[in-house]
1. I'd like the full set of residues that are aromatic (Phe, Trp, Tyr) and over 26 Å from residue 329 (Cβ atoms), limited to the stretch 418-441.
2. Counting only residues that are closer than 16 Å to residue 348 by Cβ and assigned to a helix (DSSP H, G or I), how many does the stretch 386-418 have?
3. Which pairs turn up if I take residues in the stretch 473-495 that are at positive phi and touching a residue at least 12 places away in the same chain (Cβ under 8 Å) and look for partners that are assigned to a helix (DSSP H, G or I) and surrounded by fewer than 17 Cβ atoms within 10 Å (Cβ to Cβ) with beta carbon separation below 7 Å, at least 6 apart in sequence or on another chain?
4. So which of 242, 223 is open to solvent by less than 30 Å² (accessible area, probe 1.4 Å), at pLDDT below 95 and either closer than 20 Å to residue 327 by Cβ or in contact with a helix residue (DSSP H, G or I) (Cβ under 7 Å, 6 or more places away or on another chain) (or both)?
5. Would you point out which residue out of 79, 69, 101 is free of Cβ contacts under 8 Å to residues at least 24 places away in the same chain and touching a Lys or Arg at 6+ places or on another chain (Cβ under 8 Å)?
6. May I ask you to list the residues in the stretch 316-360 that are open to solvent by less than 10 Å² (accessible area, probe 1.4 Å) and either under 30 Å from residue 109 (Cβ atoms) or at pLDDT below 95 (or both)?
7. From the list 407, 372, exactly one residue is surrounded by 17 or more Cβ atoms within 10 Å (Cβ to Cβ) and touching a Cys at 6+ places or on another chain (Cβ under 6 Å). Which is it?
Amino acid sequence: MPRKVIIIGGVAGGASCAARLRRNDESAEISIIERGEHISFANCGLPYHLSGAIPDYQDLLIHTPESFRSRFNVTVRVRHEALEIHREKKTVLIRDLKLDRTSEEPYDQLVLSPGASSLKIPFEGNQLPAVYNLRNIPDLQSIMKAISCGAKRALIVGCGYIGLEVAENLVRAGLSVFMVETASQVLSNLDPEMAVIVRNLMSGKIKLCLSDRIRKAEQNGSGLLLTLESGRQIGVDLVIVGAGVVPESMLAASCGLKLGIRNSIVVDAFLRTSDPDIYAVGDAVEIENAVDGTRVCLPLAGPANRQGRIAADNICGAERKYSGTLGTAITRFFELTVASCGLNEKCLKNSGIDFTKVYTHALSHAGYYPGAGSLSLKLLFCRADGKLLGAQILGTDGVDKRMDVLAAMIKFKKTVFDLTELELSYAPPYSSAKDPVNLAGYAAENMLRGIVRVAYPEEIDLHISDGGIVLDVRSQEEISAGAIPGSIHIPLPELRSKMAQLPSGKPIIINCQTGLRSYIACRILSQHGLDVRNLSGGYKTYKFYKQSSEP
């Protein structure tokens, strides 16, 4: 008898699982049960229709039920909801939402791909008609209708990747945009001194309220009057809640499957749930973090697609393991590209891993070729052996390819020493002979091999209060634009002739703009017996650090 597989939920995980199943087994009876109207759509592209960057929302539909049926010979039931799973009988109770009738369907294997729903923010008035989520095509259509009816003021709840994408596209559509975030920074996956680069860019484009939240929304004519916890009141025409998602695990819980972090569905390395005939994939599952082995729930499209593919192979007799998720993510915010991979400092401290870090600021391509932009890169790695643990990059050009290289290196457990050996493509319009990835590797290697000792911005104040010296080796023109208070100024070209002016017997932290000239200064002075450290990332990172601690 042909195997019968029921997949609950489409989009990334469920649809990719069904397609892979069919490629593996032409005789299988495969059904997708989808509560919504669309079987496979690009939910990551939803914000870009708000501005018209994607003119027609139908371009977001990867497959219609009809096209999926014809290509893969899969039974697709949209507007059908799985109500109950009877594990002992291996059946699913399904309701046809259009006809309001139920049927019980048998399965040999069941795949859960229910996805996640928008986090409900508990404030008075959160059910008012002008309060929206953005998770699917109907949500998108509702927001577009509000804009077409004259909405000009919007408030976004949450400053994660989706919140920023929605905000940018609403600004491009001509709306005035507020953002409210309960945390003290935007983009919680970044460390504060990196996230502040995004916050700086918001100035003049978006009104931002950090460490705040909505307390109440009330109807005010055709719009809403919002009252924040801080007491601030804001008048808007619509609110879009983008403060995160929660796993849709109620069906799994009701049939007794094991749940884990944030009530996500626990799966093993083969994506099997606590019932060996039920698999689960996508935004609702708890999986392993590929860096430190902790259990996490990371709702990302790439991992969901891979999980669907692996689950399909395992249903057909393979023993393929899902090797975990790095959380690699990227977004564009106006002219800035923001990307991260692996663990940030907060997560590493929670994991108890002995790590260290370097900052670099390099050009995206050769400086003599027009159009080069700055790439601010933070690299996190094991202090003992240099194993890569995480990376964050912000810049105007070339961020994606550098992050993809680092994601691959982190995935395959490489070290900072391996970064120095990479032979990456180079031509003046694309890179430099020393790529920013190589440069980050060189900086980390120099530190781990003891060639230079490193200091960080958060150490400066204590260093000065303990009687230490800060030496700035930049030009006078650079210093006039800003410097570390109390620092001594000797330009690098004059350092050898003026080193006698430095107080003897005191530790010195040396800085320049980005950390390169100060590294050279460290090499000079250390060979003359001075106690010196290089400020990683230079004054540029110090400035970001100071800005990140400002309200």
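1. First, pick out the residues of the stretch 418-441 that are aromatic (Phe, Trp, Tyr): 426, 430.
Scanning the stretch 418-441 gives a single hit, 426.
2. Adding up the residues that qualify gives 3.
3. 486/464
4. On the way: 223 fails: either closer than 20 Å to residue 327 by Cβ or in contact with a helix residue (DSSP H, G or I) (Cβ under 7 Å, 6 or more places away or on another chain) (or both).
The unique qualifying residue is 242.
5. 101
6. 324, 325
7. Working: 372 fails: touching a Cys at 6+ places or on another chain (Cβ under 6 Å).
One residue alone meets the criteria, 407.
Quick grid of which residues meet (1) in a helix (DSSP H, G or I); (2) touching a strand residue (DSSP E or B) at 6+ places or on another chain (Cβ under 8 Å); (3) buried (at least 23 other Cβ atoms within 10 Å of the Cβ); (4) modelled with pLDDT of 95 or more:
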position: 276; (1), (2), (3), (4): no, no, no, yes
position: 279; (1), (2), (3), (4): no, yes, yes, yes
position: 283; (1), (2), (3), (4): yes, yes, yes, no
position: 288; (1), (2), (3), (4): no, yes, no, no
position: 298; (1), (2), (3), (4): no, yes, no, no
position: 303; (1), (2), (3), (4): yes, yes, yes, no
position: 309; (1), (2), (3), (4): yes, no, no, yes
position: 313; (1), (2), (3), (4): yes, no, no, yes
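The values are calculated or read from the model by the stated rules, or taken from the named source; none is laboratory data. All figures in this text were calculated on a predicted structure; none of them were measured in a lab. Cβ: placed from backbone, ideal geometry, glycine included. Neighbour counts: every protein chain shown. Ligands, DNA and RNA are stripped out before the accessible areas are found, and what is left, the full protein with its side chains, is counted by its heavy atoms. Shrake-Rupley method; radii C 1.70, N 1.55, O 1.52, S 1.80 Å.
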